[in-house]
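Let me begin by presenting the structure, written as structure tokens, before commenting on it.
The values are calculated or read from the model by the stated rules, or taken from the named source; none is laboratory data. Everything quoted here is computed from the prediction, not taken from an experiment. Here the Cβ positions follow ideal geometry from the backbone for every residue, glycine too, while neighbour counts run over all protein chains shown. Please note that ligands, DNA and RNA were not included when accessible areas were found on the heavy atoms of the full protein model with its side chains. Shrake-Rupley method; radii C 1.70, N 1.55, O 1.52, S 1.80 Å.
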Amino acid sequence: MNLTGSHILSISQFDRESIDRIFDVADTMAPYAARKKATRVLEGAILGNMFFEPSTRTRVSFGCAFNLLGGSVRETTGFETSAIAKGESLYDTARVLSGYSDVICMRHPQAGSVEEFAQASRVPVINGGDGPNEHPTQALLDLYTIRRELDGKGRQIDGLRIAMIGDLKFGRTVHSLAKLLTLYKNVTLVLVAPKELAMPEPIVEMLRECGHKVTITEELSESIKSVDIVYSTRIQEERFTSKDEADLYRGRFRLNQAIYTQFCEPNTVIMHPLPRDSRMEANELDNDLNQNPNLAIFRQTDNGILVRMALFALVLDVANLVDQYSHDVRWFTGNR
Ligand code: CP
């Protein structure tokens, strides 16, 4: 599957071969992400980075990934700074901005909105999250992280055992990751959520149809006993009708060091797409896990740069030219 010029809208568009290709290219981006080398391969290219919902990781890492390849970034954040606030349609916005950009990344609160935008765009569009629907680049960086974490233990993604925990109804990251896991064999998934926030049934069916073992439960401690990955998620407060409604579910699936020590196998990897809700009442993924070497949340965020660089390089067809346009860096590069 050739990604040149393609929109990246859903995880469903990928096959295993294309995932392997993205991950192989991501591996080659490591010296650039670590500032051991720099490249100008996208010098002159412009990323339109349009985020109509709050974001730290996705927005900034898309921007940094593009900068690290030598390109420039123009951002729109929030509806209030966009002419959409004056009633302009997604169609018109896409026609205009695709005249200014070589590729566009977009986050929008409505499911399907990024696809609608892409249909009018004259340049590739990458989905940075469309409401509760999908977050395909997060799923790719999550799977890339899972592969790296398992690799150190001599394991592969085939045969993975994973617990997905929290708001599985509105959590777009788990929707995309679950769909991505249908490309692999013999995966065991434990889906831990209040029944009101359960994984959508079509995704559960998709997982079962491909032969995966799926358990649905509201009980945390048994669920995290025999898995390789504990993938925790935030209660997606912004998708609820009120904060009070979201409050009903906070703290239901708290993971801290004591719970980890009591119930998890040694070396169980802890993941979370972030942001984690660190307010006292959230009781989600406690700060006392920060010293646990199996906490992979910041390896995930670092890997996001590699995967997003790979996607830009493949979509803009420069993956084989990155080194040719490289040079040494001259500044202090820290201890990455
Ligand atoms: N994981 C993720 O999408 O984080 P942001 O909302 O900060 O982009």
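Points to keep in mind about this one:
- Residues that are under 18 Å from Pro54 (Cα atoms), of a type outside the set (A, V, I, L, M) and open to solvent by 60 Å² or more (accessible area, probe 1.4 Å), drawn from the stretch 79-93: Phe79, Glu80, Thr81
- Evaluation of Gly78 against (1) within 15 Å of the ligand (Cβ to nearest atom); (2) under 19 Å from the mean Cα position of the chain (by Cα) (one fails), failing number: (2)
- Hits in the stretch 287-336 - residues which are closer than 29 Å to Tyr231 by Cα, in contact with an Asp or Glu (Cβ under 7 Å, 6 or more places away or on another chain) and in a loop (DSSP other than H, G, I, E, B): Ala296
- Unmet requirement for Gly5, which otherwise passes all of (1) in a loop (DSSP other than H, G, I, E, B); (2) in the same structural domain as Val114 (by TED's automatic domain parsing): (2)
- Given (1) of a type in the set (Lys, Arg); (2) open to solvent by 50 Å² or more (accessible area, probe 1.4 Å); (3) within 16 Å of the ligand (Cβ to nearest atom), number of the condition Arg107 does not satisfy: (2)
- All positions within the stretch 270-286 that are part of a loop (DSSP other than H, G, I, E, B) and not small (Gly, Ala, Ser): His272, Pro273, Leu274, Pro275, Arg276, Asp277, Arg279, Met280, Glu281, Asn283, Glu284, Asp286
- Of the criteria (1) part of a strand (DSSP E or B); (2) of a type in the set (Gly, Ala, Ser); (3) surrounded by fewer than 21 Cβ atoms within 10 Å (Cβ to Cβ), which one Gly48 fails: (3)
Yes or no, residue by residue, for (1) in contact with a Gly (Cβ under 9 Å, 6 or more places away or on another chain); (2) more than 20 Å from Val25 (Cα to Cα); (3) not assigned by TED's automatic domain parsing to the domain that holds Phe66:
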| site | (1), (2), (3) |
| --- | --- |
| Gly251 | no, yes, yes |
| Thr261 | no, yes, yes |
| Asn283 | yes, yes, yes |
| Pro293 | no, yes, yes |
| Leu316 | yes, no, no |
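- Selection from the stretch 129-149 of residues that are closer than 16 Å to Ile11 by Cα and open to solvent by 30 Å² or more (accessible area, probe 1.4 Å): Pro132, Asn133
- Qualifying residue in the stretch 303-312 (condition: under 30 Å from Asn2 (Cα atoms) and open to solvent by 20 Å² or more (accessible area, probe 1.4 Å)): yes
- Extreme residue, surrounded by the fewest Cβ atoms within 10 Å (Cβ to Cβ), among residues of the stretch 243-261 that are of a type in the set (A, V, I, L, M, F, W, C) and touching a strand residue (DSSP E or B) at 6+ places or on another chain (Cβ under 8 Å): Leu255
- Cross-chain or 6+ apart pairs with Cβ under 6 Å, the stretch 216-232 first and of a type in the set (Gly, Ala, Ser), then assigned to a loop (DSSP other than H, G, I, E, B): Ser232/Gly166; Ser232/His272
- Test for Gly171: is it away from the ligand (no atom under 16 Å from the Cβ) and among the small types (Gly, Ala, Ser): no
- If you check Thr268, Thr217 for being among the hydroxyl-bearing types (Ser, Thr, Tyr) and out of contact with any Leu (no Cβ under 9 Å at 6 or more places or on another chain), only one passes: Thr268.
- The C-beta contact set for the stretch 38-62 (first residue more than 16 Å from Ile305 (Cα to Cα), second residue within 16 Å of the ligand (Cβ to nearest atom) and of a type in the set (S, T, N, Q), distance under 6 angstrom, 6+ apart or interchain) comprises Met50/Thr76; Phe51/Thr77.
- Of the criteria (1) open to solvent by less than 40 Å² (accessible area, probe 1.4 Å); (2) modelled with pLDDT of 95 or more; (3) touching an Asp or Glu at 6+ places or on another chain (Cβ under 9 Å); (4) not acidic (Asp, Glu), which one Ile126 fails: (3)
- Residues being acidic (Asp, Glu), away from the ligand (no atom under 16 Å from the Cβ) and closer than 21 Å to Thr215 by Cα are represented in the stretch 258-265 by at least one member.
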